[in-house]
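The values are calculated or read from the model by the stated rules, or taken from the named source; none is laboratory data. Note that the structure is a prediction, hence the values are computed from the model and not measured. Note that each Cβ is placed from the backbone with ideal geometry, even for glycine, and that neighbours are counted across all protein chains shown. In case anyone asks, the SASA skips ligands and DNA or RNA and just uses the protein heavy atoms, side chains included. Shrake-Rupley method; radii C 1.70, N 1.55, O 1.52, S 1.80 Å.
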Amino acid sequence: MSSPTHAAAAAAATALPPSGSFLEDSNSITHELRNQIQSLLNQIQQVQQQRLLLQQQQQSQQQQAATTTTAGGGGGSSSSRPQSGRKTISKSSAATKGSGGSGSASGAGITYGSINASTTTSSSASSTMNPANNNVVVSAAAAAVAMAAAHRELNDKEKSLTLLLDEKKKQLAMQRVSPLFTVAQLIDWGLLPVLDQVSTISMAATKEHSLYATLVSMKRAWRGVSLHLTPYKDSDTCVLGQLDEIQTLLDEHLMKSQALLASPFCKPFRGECEAWERLLKQLQVLLENWLTCQSAWMYLSPIFASPDIVRQMPEEGERFARVDTSFRTLVDEAVSQSGGGGGGGDVLTLAAEDERREMLVESNILLEEVQRGLAAYLEKKRLYFPRFFFLSN
């Protein structure tokens, strides 16, 4: 018998067109946007190449204008020579004028004529050179204005293309996360008659998404969490410490996992929730057995370090030696997983290994037997020395 949610989903599915059409429309829109983006990128690259060519042309024209100006300046210096001749002629005319008479007047006329002729020659030579220089200057100025206008046009074009490119990228990003249909399309497809069923499905999907987001956040919170191991006295091994934060996080997530499994909306990912809760419980068992074994080992280690005690309790000494070897191996493996940096490796990786937990459980059983044998040994010593009854073990 199908549930109401599944019945609503079936009714809504019959009212709407196949989902394949949604995917095909979405894929076609995405493909078109990608083609437009690639075209814009190509256009921007072309504009940048045009700007580079324009800069090279501008540099070439500037060098050509500088060369032409230098050549024109040399002609101007040669045309200035008649000016020096003009000064010489004026001096001779002054001397002739000082001698007086009609001859001086005639000489002065010749002198002035010479001056006018030289002046006319100089001005004509100057007028022959200056128009060329002026044309070069005007051409360079016009070229500079044209270059500046071309630069502005390319900059404006690149700016508009960049803005359009950003807009297309935003549309592509929205296409990846946006719904595959609009409200108007839903109405055209006949959504209103099955609106209640679709609302029920939407509410269930929202709750499922919220629960799954909680599961993902819990897994993310355990990334990089490792055990803290510190050297213990002169034992050449380490002990576990600073578990408050790990224990608090573990208790909190165990409660959340149980709440997830109690919800009917975790059905699509119930298997993943159960696996996560099982891993957290394995971590809890690992930490409890580790701390129990570590506490007993720290208590018995200085006792069985004495050869005399080992001779008097050979069975207990052998059992403790087995536990001591197993405990040191456990710690060394945990330290090696963390690269020897004082950490104990990833806690979830350690919890996932069944062999490690079984070894700790077995070690705790052996330690209990060792403690019972030690208590019986101390009780026997009290019978020989009654004063020991006033002392604890």
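Between 316, 252, which is among the charged types (D, E, K, R), within 18 Å of residue 372 (Cα to Cα) and part of a helix (DSSP H, G or I)? Write out each step before concluding.
Details: 252 fails: within 18 Å of residue 372 (Cα to Cα).
Result: 316 is the single residue among 316, 252 that is among the charged types (D, E, K, R), within 18 Å of residue 372 (Cα to Cα) and part of a helix (DSSP H, G or I).
From the list 227, 211, 192, which one is under 17 Å from residue 279 (Cα atoms) and of a type in the set (A, V, I, L, M, F, W, C)? Going through 227, 211, 192 in turn, just one is under 17 Å from residue 279 (Cα atoms) and of a type in the set (A, V, I, L, M, F, W, C): 227. Taken together, the criteria place residue 297 among residues that are touching a residue at least 60 places away in the same chain (Cβ under 8 Å), among the aromatic types (Phe, Trp, Tyr), open to solvent by less than 40 Å² (accessible area, probe 1.4 Å) and over 28 Å from residue 253 (Cβ atoms).
So which of 365, 303 ends up being in contact with a helix residue (DSSP H, G or I) (Cβ under 7 Å, 6 or more places away or on another chain), assigned to a helix (DSSP H, G or I) and open to solvent by 40 Å² or more (accessible area, probe 1.4 Å)? Walk me through it before giving the result.
Details: 365 fails: in contact with a helix residue (DSSP H, G or I) (Cβ under 7 Å, 6 or more places away or on another chain).
Exactly one of 365, 303 is in contact with a helix residue (DSSP H, G or I) (Cβ under 7 Å, 6 or more places away or on another chain), assigned to a helix (DSSP H, G or I) and open to solvent by 40 Å² or more (accessible area, probe 1.4 Å), namely 303.
The condition of being closer than 30 Å to residue 258 by Cβ and either at pLDDT below 85 or surrounded by 11 or more Cβ atoms within 10 Å (Cβ to Cβ) (or both) holds for only one of 165, 191, 154, 227, that being 227.
For segment 353-361, check the following and say yes or no: at least one residue is at pLDDT below 90 and at positive phi. Looking for residues that are at pLDDT below 90 and at positive phi, one finds none in segment 353-361, hence no. Checking each residue in segment 218-235 for being part of a loop (DSSP other than H, G, I, E, B) and either under 38 Å from the mean Cα position of the chain (by Cα) or in contact (Cβ under 8 Å) with a residue 12 or more places away in the chain (or both) picks out 222, 223, 224, 225, 232, 235. The set of residues in segment 32-72 being free of Cβ contacts under 8 Å to residues at least 24 places away in the same chain, of a type in the set (Val, Ile, Thr) and open to solvent by less than 100 Å² (accessible area, probe 1.4 Å) consists of 67 alone. Listed conditions (1) out of contact with any Phe, Trp or Tyr (no Cβ under 7 Å at 6 or more places or on another chain); (2) in a helix (DSSP H, G or I) are all met by residue 269, apart from (1). If the condition is being more than 30 Å from residue 325 (Cβ to Cβ) and without any contact (Cβ under 8 Å) to a residue 40 or more places away in the chain, then segment 268-288 contributes 270, 271, 274, 275, 277.
Which residue, of 173, 205, 144, 149, is modelled with pLDDT of 75 or more, open to solvent by less than 90 Å² (accessible area, probe 1.4 Å) and either more than 30 Å from residue 57 (Cβ to Cβ) or among the β-branched types (Val, Ile, Thr) (or both)?
Working: 173 fails: modelled with pLDDT of 75 or more; 144 fails: either more than 30 Å from residue 57 (Cβ to Cβ) or among the β-branched types (Val, Ile, Thr) (or both); 149 fails: either more than 30 Å from residue 57 (Cβ to Cβ) or among the β-branched types (Val, Ile, Thr) (or both).
Matching residue, one of 173, 205, 144, 149: 205.
For first residues located in segment 370-386 and among the polar types (S, T, N, Q), partners that are assigned to a helix (DSSP H, G or I) and surrounded by 15 or more Cβ atoms within 10 Å (Cβ to Cβ) and lie 6+ apart or on another chain with Cβ distances below 8 Å form the pairs 371/296; 371/300. Selection of segment 17-57 for residues being modelled with pLDDT under 80 and in contact with a helix residue (DSSP H, G or I) (Cβ under 8 Å, 6 or more places away or on another chain) yields 26, 29, 30, 33.
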